[in-house]
Structure formats: C-alpha cells, structure tokens
Amino acid sequence: MATDRQSFDEIDWGQIDEESEREISPNFIIVAIGTALMGAVWAFDYFFVTGTWDAAIGMDFGNQYTPTFEVIGWGYDVTQLDWLFAFSLVLFGAYMILPLYQNPRMTKYYWRDMKRNRPAMASLGWLLFIFVIGVIGPAIIQAPTVDLMTKYQPPMFLEINNVYPINCVGEVAGGDCHGSLEHPLGTTGDGKDIFRIIVYGMQISMKIGFIATLFVVTIGSIVGTVAAYAGGLVDEVLMRWVDIQQSFPTFILYLLILYIYGASLFLFIVLFSLFSWEGTARYVRSNALAKTEEEYIKAVQLSGASTYRVIRSHIMPNSASSIVTDITLLIPSFILFEAQFAFLGLGDSTIPSWGVLIAQGRSDLAFAPWITLIPGLFLFFTILAFNFLGDALLDALNPEADAEAEQ
Amino acid sequence: MGMEWYIVRRVAWAAIVTFIIVTITWGLMTAAPNPQVQQAVTQAAMDGENPAEAEERMEAQLQLDRPLHVRFMDYVVGVYTLEWGWSNTRNQPVTAALVSALYYTVQYSVPWTILTVLIGPIVGVYSAANQYSWRDHAATGVAFFGYAIPNFFFGIILLLIFGVQLEWIPIVYQTGVPVFSVQNVIQLTIPIFVLVTGSIGAIMRVSRNEAAEYANADFVKTAKAKGVSTYRIYARHVIRPTMVPLSTTMVGYLLAIFTGSSLLVEVVFGIPGLGRTLYDAVVAQDTNLVLGSTLFFTFVATIGNLLQDLVYTVLDPRISFEDR
C-alpha cells in the first residue's frame, strides 16, 4: 500500500545533483552575454569587414589596418589581443568585481583593512587611473604618428635649444623652444606625440596584465586541481614539471624562442603566461589537498556535490586570496619583461609601448631626456603600485601568510 | 635512507632536468626553419637559381638531411661533451667565446652577490630591530624603490648623470683595464650599484618580516632578561633563524636576476659579458652561440638550485628526509 511513497534510498540523487548544477548564477549570465556579444562583433568583423586577404592579388597582407567599426564611423581596428583583453575583462568583472558587490559584508571588511594602508590606496588609485585611461583612451585618441616637422618638442613648462626641433610648435624665446599644450609631454625624435604613446602604452600594460592573468589562473587552477585529485603518478609528474618551470630562466627561454620564431606582443603574452602558472598551481593544489580533509567538504560530498562543484564553489574561492596576491606580484614582472625586451629592440617594435619609447629616447638623452624619463617614470610607478597593492593584499586577505609568499 | 639518499636523488634529479632542458631546446630549434637555410634559399631566389636545390645543398652542408633521431643523439652527445660548435660571428669555438665572456661577467657578479647577501639580511634585521622608526621606513622605502625601478632604466639615468654630465665614469666599459685596479673599480661601481639596489629589496623585506617574528620570541626575552646587549641578541640569536627560510629563496631569486637583469645591465653599460654575448648572438643570428649561451644560463640556474637545496639540507637539521 505504501508502494508509491519514495523512501530515502530510492531517490535518484544523480538527477537532483544535475538539477542543482543547472542553476545559473548571475555571474555566469554576465559572462555568457558578454561572450555572445563579442562573438557577434567578431563574426561581423570576420565576415563583413574586408580582411587582409586580397583576392585580386591572391596574397595575405598580414597585419593590416582593417577598421572594425567603420560602419558607424569609428576607425578602431580590433585585433586578436583586443578580443582576449575584452574576454578577460568580462571574466574579471563577473568573478572579481561582482562578488564584491554580492558580499557587501566581506567587501566592507576588506575595505576597512585596506583603507588604513595609505600607500596601497594611492596605488589602487594610480592603477585605476591607468586602467580607465588605458581602456578608453586609445578608442578616442588617435594613434601616434610620425611627423618629422614636429620632432623634439619639449613637454610643457620645459624648453630645448631651438637647434633640435625644426619647427617649434610652442613659442620661441631667447633661442629656446618652449613646450606647448599641443604636445603636453613633448614629442620623440621622429615627431610622435609622447602623451599619445603613454596612453597607448597604458593599454598595452593593462592587456599584458589581464590576459596573462586569464591564462595563469586558468592553467594554474586546472593543473593544481588535477594534481590534487588524480594523485599518484600524475601528481608527481605535474609537480616535477612545476619544479622545472620554477627554476627555468624564463627570460632566457623567451630570448631563444624569440630568436627562432620572431617577436610579437601576442606571442610574448602567451609564452610568459604559459611559463608562469607554477605559483597558482601550487597554491590550488595544496589548498585542494588540505580542504578535502575538512569536515564541511566531506559534508558537501555526502550530500551529493560533484567533484566539479566542490572545486568550483569551495576549493577555488578558498585559494582565491593566495592567487590574487600571487598575480599582483606577477603582473608587474610581465610589464617589466615587455619593457626590457622592447628596450633591447627584441620586442614588438610596431607597438607604442613604454619600453619602445624608453629605447627610442636613449640616443637623445643628452638634450631631450624627457623621451626616456617620462615612460620610465610611468613604468616605475606602475610596478611600484602593483607591489604596494600586492603587499597590502597579502596582509588584508591572508593574515596568517607571512612574507615568504612574497617571493 | 636519510640525508645521503636524498642528496643522491636530488643530484640525479638535477641531471634529469638538464636533459629535459637540452631536449626542449633541441625540439624548439628543430621545429623552426633554420635561418642559414632560409638565407641560402632567399639568396638563390634572388640570383635566379632553383631555391629547392639551394635548400637541399645547405641542408646537406649543415647535416640537416639526416634522420631526426641521429641528429638528436648527435646533439645530446655534443652538448654533454662540450662540443658546442663554431661561432660564425666571433670566429672562435662557442665554448671559448663563453669563457672569455665569463671573465667579464664574474668581475661584477661576484661583488654584486657578496654585497647583496651581506647587506640585505643585515639591513632587514636592523629595520626589524627598529620597527616602525624612521630608519625602518627609510629602509622599506629603499627596498620598494629598488624593487620597482627597472634596472635598465635606472642604469641609463645613472649613466646620464655620472657618465655624461659629471664625467666621473667612462660611458663605455673599458676592456683593457686590469681586473684589480682603481679604474676597474670605478667603472664597475655603477653597474654593481644598480644590480644591488634591484636585488636587495626583496631580501630586505623577507629578512625584516622573518626577524620581526622573533622579536618577541622566548629566547630573545630570556637573553634580554640575562642582560645581553641588543646588538648581540640580533647579531647572534635573531639573524641565524632568519637566514634559514631566506636561504631557500635567495639563490633562486639571485639566479632569476642574474639571468634577466644582468643581460640588460651589460647591454646598457657595454660590458662584454655573457648576457651581452647572448644578446649580440641573437641580433647577429649566430645560432650556435645563441644555443650555447642559453644552455649555459640554464645550466647555471639548474646547478644553483641544486646547490641551494643541498646547502639547505646541511644548514637545517630539522628537515625530515623520510618522505622526500
């Protein structure tokens, strides 16, 4: 008579498990919509905007200027890197910024902690400034162009002997050319406006930071969880590889690869992120190993949570603080590496990055030091800001972590 | 079992790592088109000859037409017997070029390492002893400054000030100067200063935080109660436990700087050392020399990490080797 009453052990837990996985978080919706939008624009770019393939001649011209939004009169060419950058920004918004809004209590707690650290607040302000200008600036401001008529213009409030610039834009007084508002930070030896290069360089630095983060966190967390859950030989092999990667001189490796395959910013970012995930992998692995022993994870598992769910909603959030700290100290090293290669003339010399500018100004140091000094200072303050922020995050997010993790 | 067994395994592991690195570099070089062959093909095409023929001829000349495994074995044997080939741009064997470059690299890297290892922990412990005083803040400021300023940029600025404006140091490194002479000291001061400021920051921070943890430890309180002077407490009791965690990271950290920043500093100051050799080889497309210097740097890194682990096992008797 009680045949239609389901008893506990007859419930199809697999079905319930599937159902619970089907619930969609707002974060995921944002990522899905953002990706769909980007896919649409990308498809438009791919099918309707004239590509680099010239059918008449039958040749691919490679990196050519193909403005994506010419239809609406906006001459901005969206590149491969821009897509990756946009995607990482969407992910960053959905899984870093939105959770801060969703958990106001924790946000307030961290904020109180951070606010006391004045250098960290200043750093945060500086990085926000670089980020906002870097993302919006290149869309509005035109790319720097060569104009030999306006070479060696000094920055505002500075002057240069009038023999160097052919044609002084500002006023000439006593044989000296004075800076003008037209070129607020002066120009280079081939007449490129330094202010514009700085703005474009901000975007390049931010691209390096965000895209590298995307790669490092993805690969690192996959390797870390796989190592922790598979155990045995897989764990051993993966962790040995992490060891090798940690001791391998990345700078030299990149120099070798660059020698063989040639330089591009895309290759640079991909390579450096492919060889820098070892810290994240270690944190995630050790966290996964430690947390699987905890009572609450066992409780979650007993109530039918899948391994994916345990990783996604318990292991990753628990490792987040270590990963964030690790990343804040990793990004400045990427930006520095890019500048170093650009300085050596081995980077992508076609991009307007800070390092390229530093290298350009080197031969004119004696009479036009601003060409090197301005990008150098921007580079210095950006790296400094990331370091201060990383230090503060280390204290705020992870009170028990000691300074060893700084390494 | 125990320490000896661990050391044996650690050395064996280092050997395996070098082999893996050698294999990876070979794979990278083989997968890519050879610049010399490409050059020959372009030349043939421009001269109106058959490019395919020129390609075959060049490949035969460079012995690239043999099967892959033969080439690989040849390469591995060559690497381990120090037959690193002939450098076309320098007109000498690669090993000879590297040895002559090493001569200049050692001249600045030895003082740099010694200064960093000496000053870093001492300043760190000092600021831990005077925590939150103005001296501590000054030291922290210096640490962050050195850490954040790009070495090559700092080098350029100092060269501009001391070389171009004040003319205290030569703008280009003089190779003819004897090693132990005043001139050599003068011209190496700025490069060493740049490298030390770049590497000292992290070490100062770590040793400061480590030492600060011991500031209220029981053994420090006991020493204070016995009337031991502050100087002696820090010099004898605090600095030693501070050095243990530091020694695990210091070598790896210094090596990272050695392989990265020293190249930049050599290029900026015109020192014809190892980094400069690698850089020139890359620019001049000298494949053998690129490969040789790359392998040299990676071998140094591997051996350095091996030494660090071995020293650590000797220094810290608390480590258990059972599960390693």
- prompt: Going by the conditions given, is B:TRP84 assigned by TED's automatic domain parsing to the domain that holds B:ALA215 and assigned to a loop (DSSP other than H, G, I, E, B)?
  reply: no
- line: Filtering the stretch B:236-254 down to residues that are surrounded by fewer than 14 Cβ atoms within 10 Å (Cβ to Cβ) and more than 30 Å from A:GLN246 (Cα to Cα) yields B:ARG236
field: Counted residues, the stretch B:283-295 - those being closer than 13 Å to B:THR25 by Cα and at the interface with chain A (Cβ under 9 Å from one of its Cβ atoms)
entry: 5
- prompt: Failed condition for A:GLY304, given (1) touching an Asp or Glu at 6+ places or on another chain (Cβ under 6 Å); (2) at pLDDT 80 or above; (3) surrounded by 15 or more Cβ atoms within 10 Å (Cβ to Cβ), with all others met?
  reply: (3)
query: Hey, any hits in the stretch B:185-196 for a residue that's modelled with pLDDT of 85 or more and either in contact with a strand residue (DSSP E or B) (Cβ under 7 Å, 6 or more places away or on another chain) or of a type in the set (S, T, N, Q) (or both)?
result: yes
Members of the stretch B:106-136 that are aromatic (Phe, Trp, Tyr) and touching a residue at least 60 places away in the same chain (Cβ under 8 Å): B:TYR108, B:TRP112, B:TYR126
- request: Report, ordered by the first and then the second residue, all pairs with beta carbons closer than 8 Å, sequence separation of six or more or different chains, a first member in the stretch A:183-204 that is surrounded by fewer than 20 Cβ atoms within 10 Å (Cβ to Cβ), and a second member that is assigned to a helix (DSSP H, G or I) and of a type in the set (A, V, I, L, M).
  value: A:GLY189/A:ILE371; A:ASP190/A:LEU148
In the stretch B:164-199, the residues that are part of a helix (DSSP H, G or I), within 14 Å of chain A (Cβ to nearest Cβ) and without any contact (Cβ under 8 Å) to a residue 12 or more places away in the chain: B:VAL164, B:GLN165
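Table: residues versus (1) away from chain B (no Cβ under 14 Å); (2) at pLDDT below 85; (3) not in a loop (DSSP other than H, G, I, E, B).
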position	(1), (2), (3)
A:ALA227	yes, no, yes
A:ASP243	no, yes, yes
A:PHE251	no, yes, yes
A:LEU255	no, yes, yes
A:VAL270	yes, yes, yes
A:GLY279	no, yes, yes
A:ARG285	yes, no, yes
- prompt: Is it true that B:THR259 is at pLDDT below 85, buried (at least 24 other Cβ atoms within 10 Å of the Cβ) and in contact with a Ser or Thr (Cβ under 9 Å, 6 or more places away or on another chain)?
  reply: yes
- request: Please state which one of A:PHE367, A:PHE380 is out of contact with any Gly (no Cβ under 9 Å at 6 or more places or on another chain), more than 8 Å from chain B (Cβ to nearest Cβ) and closer than 19 Å to B:LEU160 by Cα.
  value: A:PHE367
field: Considering residues of the stretch B:267-282 that are over 14 Å from the mean Cα position of the chain (by Cα) and facing chain A (nearest Cβ under 10 Å) only, the residue modelled with the lowest pLDDT
entry: B:VAL282
- request: Determine whether the stretch A:385-392 contains at least one residue that is closer than 18 Å to B:VAL265 by Cβ and not aliphatic (A, V, I, L, M).
  value: no
Residues that are modelled with pLDDT of 85 or more and of a type outside the set (A, V, I, L, M, F, W, C), drawn from the stretch B:141-157: B:GLY141, B:GLY146, B:PRO150, B:ASN151, B:GLY155
message: Quick check on the stretch A:229-240: of everything there that is surrounded by fewer than 16 Cβ atoms within 10 Å (Cβ to Cβ) and part of a helix (DSSP H, G or I), which residue is nearest to the other protein chains (Cβ to nearest Cβ)?
response: A:ARG240
- line: Here the residues within the stretch B:31-43 that are under 26 Å from B:LEU68 (Cα atoms) and more than 10 Å from chain A (Cβ to nearest Cβ) are B:GLN36, B:VAL37, B:GLN38, B:GLN39, B:ALA40, B:VAL41, B:THR42
Close pairs (6 angstrom Cβ cut-off, 6 or more residues apart or separate chains): at pLDDT below 80 in the stretch A:78-100, outside any helix (DSSP H, G or I) anywhere: A:VAL78/A:THR68
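The values are calculated or read from the model by the stated rules, or taken from the named source; none is laboratory data. The structure presented is a predicted model; accordingly, all values stated were derived computationally and were not measured. Ideal geometry is used to build each Cβ from the backbone, glycine not excepted, and the neighbour counts take in all protein chains shown.
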